[in-house]
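First up is the structure itself, then whatever we jot down about it.
What follows is calculated from the coordinates using simple rules that are stated; it is not laboratory data. Note that this is a predicted model, so its numbers are computed, not measured. Glycine also receives a Cβ, built like all others from the backbone with ideal geometry; neighbour counts cover every protein chain displayed.
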Ligand SMILES: Nc1nc2c(ncn2[C@@H]2O[C@H](COP(=O)(O)OP(=O)(O)OP(=O)(O)O)[C@@H](O)[C@H]2O)c(=O)[nH]1
Ligand SMILES: C[C@H](OP(=O)(O)O)C(=O)O
């Protein structure tokens with residue numbers, strides 16, 4: 001099956017601005033995309049990048065500079081079904097969880113993100129369209145219900161872990177050895193135990209200042 005991966009690397013991951021400058025956010029977003037593509041390559045599915053600007057990557061590419069929702073819906077209106085949509089900021093994803101995503105037979109499968117987003121979708125019915133941002137998981141479930149489409153939830157920690165905010169970096173360093181984790185380690189990020197709370201966090205080496 002084709003897996004569409006929307007990717008906009010013009011001004012990516014703005015919520016990581018407190019810890020990464022623009023150049024670093026672009027490198028890190030690109031590393032996360034590499035992890036997602038590496039996982040897909042270990043499956044029989046075919047990646048298809050939906051990008052906002054041309055890319056040198058060797059995968060099948062569609063360039064569309066419209067907003068995320070508009071570009072994905074345009075793609076859905078013309079593509080063959082079923083199709084999957086997988087976000088690029090899921091560096092913990094593995095071939096096994098990608099395969100699991102396809103194991104449900106309902107018209108719609110959704111892997112929700114922590115915080116209410118929609119990290120992955122499998123769409124088998126043409127009456128479905130996307131509406132990203134906010135609590136899009138709930139919106140997508142409601143949209144499916146209003147079209148009488150059954151939904152399966154793919155409940156996966158790895159697919160739920162989208163990297164949006166500085167605290168999410170901890171999950172990457174803890175649970176991955178891929179390109180994004182390597183980028184973080186190379187750029188001075190390591191695990192830390194907070195003295196007061198005993199909670200695990202990441203800290204950045206002082207010699208790796210983001211300025
Ligand atoms: N093609 C396309 N992809 C997008 C667009 N906006 C976001 N994406 C991709 O959609 C996925 C989820 O996006 P977000 O989590 O909001 O990531 P982001 O926009 O880079 O991060 P923030 O600036 O922090 O919101 C990622 O794979 C992004 O690269 C867009 O306008 N067009
Ligand atoms: C695209 C958006 O991502 P988030 O902002 O939740 O990471 C969503 O999943 O609706």
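Let me make sure I get this right: for the chain, a, b and c are the square roots of the gyration tensor eigenvalues over alpha carbons, sorted descending. Under 1.5 in a/c it's rounded, otherwise prolate if a/b > b/c, else oblate. Which is it? Note, shape of the chain comes out prolate.
First measure r as the distance between the Cβ atoms of residue 186 and residue 60, then evaluate 1/(1 + (r/R0)^6) with R0 = 30 Å and state the FRET efficiency to the nearest 0.05.
The value I calculate is 0.50.
Legend: calculated FRET efficiency, residue 69 to residue 205, from the Cβ-Cβ distance at R0 = 30 Å, rounded to 0.05, equals 0.20.
For segment 2-162, averaging the sequence separation of C-alpha pairs within contact (under 8 Å, six or more residues apart) and dividing by the residue count gives a relative contact order of 23 percent. Each semi-axis of the equivalent ellipsoid for segment 39-140 is √(5λ) with λ an eigenvalue of the Cα gyration tensor; in descending order they amount to 19, 18, 15 Å. Classify segment 25-83 as rounded, prolate or oblate, taking a ≥ b ≥ c as the square roots of the eigenvalues of its Cα gyration tensor: rounded when a/c is under 1.5, otherwise prolate if a/b is larger than b/c and oblate if not. Oblate, since a/c reaches 1.5 and b/c is not below a/b. In this simple spin-label approximation, residue 196 and residue 42 carry label points 7 Å from Cα along the Cα→Cβ vector, and these lie 4.0 nm apart. Mean sequence separation of contacting Cα pairs (under 8 Å, at least six apart), scaled by the length of segment 154-211, corresponds to a relative contact order of 26 percent. GNM remark for the chain: springs join alpha carbons under 10 Å apart, and the peak mean-square fluctuation among 33, 159, 174 falls on 174. Derived value for segment 56-95: Kirkwood hydrodynamic radius 12.2 Å. Basis is the mean of 1/r over every pair of different alpha-carbon atoms. Under a Gaussian network description of the chain, with springs only between Cα atoms under 10 Å, the residue in 51, 200, 172 that fluctuates furthest is 200.
Our compactness index for segment 107-211, the C-alpha radius of gyration over the empirical 2.2 N^0.38 Å, is 1.39.
For the residues 146, 103, 17, a GNM of the chain with alpha-carbon springs under 10 Å puts the largest fluctuation on 146.
Cα centroid separation, segment 177-203 to segment 1-59: 21 Å.
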